[in-house]
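The values are calculated or read from the model by the stated rules, or taken from the named source; none is laboratory data. On a predicted model such as this, the values are computed, not experimentally measured, just so you know. As a convention, Cβ positions derive from the backbone with ideal geometry for all residues, glycine included, and neighbour counts pool all protein chains shown.
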Amino acid sequence: MSIFSLLPGDPAAPETPICSRKGCREAAQWRLLWNNPKIHTPERRKVWLACGEHRDWLEDYLRTRMLWRETLPFEETATP
């Protein structure tokens, strides 16, 4: 898999969004919203996706670095 296979419209891209934890291919269940105040404006939110198993690990990683802002359930939106 290459980074280009994750681009929208690529037939090799996963059909369902997957967890952001390295090596995990489970379906996303959570959105972890974060930003780095050293480089992002306060209102900007970056998103990591997490499966149920890796939610706590990813959230702890972001909290430890003071980057975490909010965790919300993942709801896949319909694409046009």
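Please list, ordered by first then second residue, the pairs with beta carbon atoms under 6 Å, 6 or more apart or interchain, first in the stretch 3-26 and within 16 Å of Arg55 (Cβ to Cβ) and of a type in the set (A, V, I, L, M, F, W, C), second modelled with pLDDT of 55 or more and not in a loop (DSSP other than H, G, I, E, B).
Within 6 Å, the pairs are Cys19/Leu49; Cys19/Ala50.
Going by what's in this entry, would Leu72 be described as in contact with a helix residue (DSSP H, G or I) (Cβ under 8 Å, 6 or more places away or on another chain), of a type outside the set (Gly, Ala, Ser) and surrounded by 10 or more Cβ atoms within 10 Å (Cβ to Cβ)?
Details: in contact with a helix residue (DSSP H, G or I) (Cβ under 8 Å, 6 or more places away or on another chain): no; of a type outside the set (Gly, Ala, Ser): yes; surrounded by 10 or more Cβ atoms within 10 Å (Cβ to Cβ): yes.
So Leu72 fails the test.
For the stretch 38-64, give me each residue that is closer than 22 Å to Cys24 by Cα and either surrounded by fewer than 10 Cβ atoms within 10 Å (Cβ to Cβ) or without any contact (Cβ under 8 Å) to a residue 12 or more places away in the chain (or both).
Of all residues in the stretch 38-64, those closer than 22 Å to Cys24 by Cα come to 46-64.
Those that are closer than 22 Å to Cys24 by Cα and either surrounded by fewer than 10 Cβ atoms within 10 Å (Cβ to Cβ) or without any contact (Cβ under 8 Å) to a residue 12 or more places away in the chain (or both): Asp56, Asp60, Tyr61, Arg63, Thr64.
Given the options Arg25, Arg63, name the one that is out of contact with any strand residue (DSSP E or B) (no Cβ under 9 Å at 6 or more places or on another chain) and either on the phi < 0 side of the Ramachandran plot or at pLDDT 95 or above (or both). So that I can check it myself, show each step before the final result.
Details: Arg25 fails: out of contact with any strand residue (DSSP E or B) (no Cβ under 9 Å at 6 or more places or on another chain).
Of Arg25, Arg63, the one residue that is out of contact with any strand residue (DSSP E or B) (no Cβ under 9 Å at 6 or more places or on another chain) and either on the phi < 0 side of the Ramachandran plot or at pLDDT 95 or above (or both) is Arg63.
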